[in-house]
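Data first, discussion second: the structure below is written as structure tokens.
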Amino acid sequence: MDLTQFSLEGKVALITGGSRGIGEATALGFARAGADVVVTSRKLPDLERVAGAVKDLGRRSLALATHVGRMDQIKDLVEKVVDEFGRIDILVNNAATSIDAPAIDLEERAWEAVMNLDLKGLFFLSQAVARVMRDNNGGSIINISSSAAYKPSPQNCVYAIAKAGVLMATKTMAQQWHAHNIRVNGVAPGPTDTRLLNAGWANLPEEQANMIKFGTIAQVIQGRIGEPSEIADAILFLASNASSFITGQTIVVDGGMVL
């Protein structure tokens, strides 16, 4: 095995949802592997902290506040990255939101808020970046789906639907963009120790929150919640040449929850 295949030396990566959790862990992992990293999300202060940590690892970094769910901001984001770095070799579509509501109670505005960020924004940012990659000899796109795409929660219906859409978006992009030397793959995390997961328990009474938390853990064969760095490791593999013969696939990293 040639471990240099995991190197991202000389690559430029753009990571959405890069201010914390899986996005932050991925940014730092990419930097350690040699990539320059652009992180984006809606709030600049947390992004600047992550960009600073990337720079401390000896890599170039840029923090850009962007709402990927707003189509007018996508073009500006891509142009700023290209102006600064000249290229984009890797895109990680990690930004997402979730609204807890059963299907029978879901409101249209909640549907649109989740779909615009989790699926629509993911697709059109990928499209914009793919056009840059097409002119620069290709690249790698990694879409973050979820185990919820395979095993939905009654309270997370729109999130599960959006993440299932990400699975097909990944296959479609991979099929249509391979001619431009663009590989497209996905990672589907199970319950992971992030603010998005913990927010679902934060406003509940302690007894109810613990019931849901430990009920979730009980569904995981390995008996624990995952760490962001464990998801980032799978993303790094798909971003690197170590996965050069893989496209259109989504790796489930969930401790066996889907089983």
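At a 10 angstrom cut-off on C-beta neighbours, averaged per residue, how do the peptides 227-237, 64-74 rank from highest to lowest?
Packing proxy ranking, top to bottom: 227-237, 64-74.
With the chain treated as a Gaussian network of Cα nodes joined by springs under 10 Å, which of 130, 95, 218 yields the largest mean-square fluctuation?
Of 130, 95, 218, the Gaussian network model singles out 218 as fluctuating most.
Please give the FRET efficiency for residue 87 paired with residue 258, using the beta carbon to beta carbon distance and R0 = 35 Å, rounded to the nearest 0.05.
0.45
What are the ³J(HN,Hα) couplings of segment 2-13, residue after residue, when phi is run through the Karplus curve with 6.51, -1.76, 1.60 and θ = phi - 60°? Round to Hz, x for glycine and proline.
9, 5, 5, 5, 8, 6, 10, 3, x, 8, 10, 10
Expected output is a single nm value to one decimal: the length gained when fully extending between residue 245 and residue 175, i.e. 0.36 nm times separation in residues minus the C-alpha distance. What is it?
Once the chain is fully extended between residue 245 and residue 175, it gains 23.9 nm.
Using a probe of 1.4 angstrom, how much of the accessible area of segment 1-110 is carbon and sulfur, in percent?
For segment 1-110, the apolar C and S fraction of the accessible surface comes to 47 percent.
In debye to the nearest 20, how big a dipole does the chain give about its Cα centre with +1 on each Lys and Arg Cβ and -1 on each Asp and Glu Cβ?
440
I'd like the orientation of helix 122-134 relative to the chain: the angle between its Cα long axis and the longest Cα principal axis, in ° from 0 to 90, rounded to 10.
10
Calculate, for the chain, the solvent-accessible area per residue in square angstrom, rolling a 1.4 angstrom probe over the heavy atoms of the protein chains.
49
Could I have the simple spin-label model distance between residue 32 and residue 155, label points 7 Å from Cα toward Cβ, reported in nm to one decimal?
So the label points at residue 32 and residue 155 sit 3.3 nm apart.
Report, in deg cm²/dmol and to the nearest 500, the calculated mean residue ellipticity at 222 nm for the chain, where each DSSP H run with n ≥ 4 adds -39500 (n - 2.57) and the sum is divided by the residue count.
Estimated from H runs of four or more residues: -14000 deg cm²/dmol.
Against the longest alpha carbon principal axis of the chain, how many degrees, from 0 to 90 and to the nearest 10, is the axis of helix 157-177 turned?
Taking Cα atoms only, the helix is inclined about 20 degrees.
Exceeding 24 Å between C-alpha atoms, which entries from my cross-link table qualify? They are 80/120; 80/171; 43/120; 120/171.
80/171
Could you pull the Cα extents of segment 76-191 along its three principal axes, largest to smallest, in whole Å?
46, 26, 23
Check residue 252: other-chain or 5+ apart residues with amide H under 5 Å from its amide H, H built from backbone geometry?
When sequence neighbours closer than 5 places are left aside, the close amide H contacts are 188.
Take every DSSP beta bridge whose two residues both sit in the chain, then give the antiparallel share in percent to the nearest 5.
0
Using only the Cα atoms of the chain, what do you get for the radius of gyration and for Dmax, in Å?
Every Cα atom of the chain included, Rg and Dmax give 17.6, 55 Å.
Between helix 228-239 and the chain, what is the angle of the helix's C-alpha long axis to the longest principal axis, kept within 0 to 90° and rounded to the nearest 10?
40
The values are calculated or read from the model by the stated rules, or taken from the named source; none is laboratory data. Small disclaimer: the values here were computed from a predicted structure and weren't measured. Neighbour counts run over all protein chains shown; Cβ positions are idealised from the backbone, glycine included. Only protein heavy atoms, including side chains, enter the accessible area calculation; ligands, DNA and RNA are left aside. Shrake-Rupley method; radii C 1.70, N 1.55, O 1.52, S 1.80 Å.
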